[in-house]
1. Among the residues of the stretch 88-109, which ones are surrounded by 22 or more Cβ atoms within 10 Å (Cβ to Cβ) and not in a strand (DSSP E or B)?
2. Every residue in the stretch 49-66 that is closer than 16 Å to Phe33 by Cα and either surrounded by 24 or more Cβ atoms within 10 Å (Cβ to Cβ) or not assigned by TED's automatic domain parsing to the domain that holds Met95 (or both), please.
3. Ala74: surrounded by 20 or more Cβ atoms within 10 Å (Cβ to Cβ), at pLDDT 90 or above and assigned to a helix (DSSP H, G or I), yes or no?
4. Somewhere in the stretch 65-72, is a residue of a type in the set (Lys, Arg) and over 15 Å from Cys194 (Cβ atoms)?
5. Only one of (1) over 13 Å from Gly124 (Cβ atoms); (2) surrounded by 15 or more Cβ atoms within 10 Å (Cβ to Cβ); (3) at pLDDT below 90 fails for Leu201. Which number is that?
6. Of these, Pro105, Pro80, Pro89, which one is closer than 25 Å to Pro285 by Cα and touching a strand residue (DSSP E or B) at 6+ places or on another chain (Cβ under 7 Å)?
7. Pick from the stretch 254-281 the residues that are acidic (Asp, Glu) and in a strand (DSSP E or B): which of them is modelled with the lowest pLDDT?
8. Could you tell me which of the residues Met95, Met29 is in contact (Cβ under 8 Å) with a residue 60 or more places away in the chain, closer than 22 Å to Glu126 by Cα and of a type in the set (A, V, I, L, M, F, W, C)?
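The values are calculated or read from the model by the stated rules, or taken from the named source; none is laboratory data. In this text, all values refer to a predicted model and were calculated from it rather than measured experimentally. Methodologically, a virtual Cβ is constructed for each residue, glycine included, from the backbone with ideal geometry; neighbour enumeration extends over all protein chains shown.
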Amino acid sequence: MLGIKKVEVVANVASGSVADTAPAELEKMLADFGLNAHVCAPTTDDLTNCLKAAVDARPDLLIILAGDGTARAAAELCGPKGPMIAPLPGGTMNMLPHAVYGVRPWQEALTLALTQGHEQLVGGGEVEGHLFMVGAILGTPALWAPAREAARDGKPRLALLRARRALRRAFTGRLRYNIDGGPRLKAEAMVFMCPLTSKALDEDEGALEAAALNVQGAADALRLGVNALVRDWRDDPSVQAERCQVARIWSAQGIPALLDGESVRLKALTEVRYQPALARVLAIPKDL
């Protein structure tokens, strides 16, 4: 198991799909592998402190059973020289866990990671000090994600309110951008995919895949928002994609964005960069 001896676990039982029994189950599974792990199952208010304490303990492996936001925060705290992380699917979208382990339950993902895993240095994107290892959506289609989350959580009224807000914001602030110092162009939104998940890039490509999304109306924006989140957005007729090292994006106002499935607000002028080494991940072979 790659010399793994010291293990820290952060299990967010308030997350999308983590049962109350998960921390004990995790501890038992690790014990069966001969690993005596420290498991933290914090309340929502104490999640950040728990995560920081786990990283400060300098384990050989940090296991995250939580949503994409917690997994991304762990990667930011660990960096390429800190603890190796195992992001297990414990949220709603689970973009990073699915990219690393495929779509499978966390118990199966953990078993495969401990029996067949290897260390992988993962590259990806960085914007305003935030990293992403799966992908990012910048622009008004990112506003549809909160509505979709509410619908998935069985909250139709909240989903409708958020959808109306996204519709009001659509087409009110097109983005200007350039790729690697190229010409200044316009788009409704920008999508950046990392080598970990891009079908157009090899994992050692050394670049992001950048796509400008241009739409003609609300129906197109809704289709793009859905396709970008759950399907192959390259199939959409409004997509133009290319490789990218640095992209400059600006707008008349702050830019809504999704970074690995987590909603953030960026400045009106921002820069997305490819970073070759973001974090060390306990990955599994792609053919499993």
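1. Within the stretch 88-109, Gly90, Gly91, Met93, Asn94, Met95, Leu96, Pro97, Val100, Tyr101, Trp106, Ala109 qualify.
2. Passing the criteria: Leu61, Leu62, Ile63.
3. yes
4. No, every residue in the stretch 65-72 fails to be of a type in the set (Lys, Arg) and over 15 Å from Cys194 (Cβ atoms).
5. (1)
6. After ruling out the rest, the residue left standing is Pro80.
7. This residue is Glu262.
8. It is Met95.
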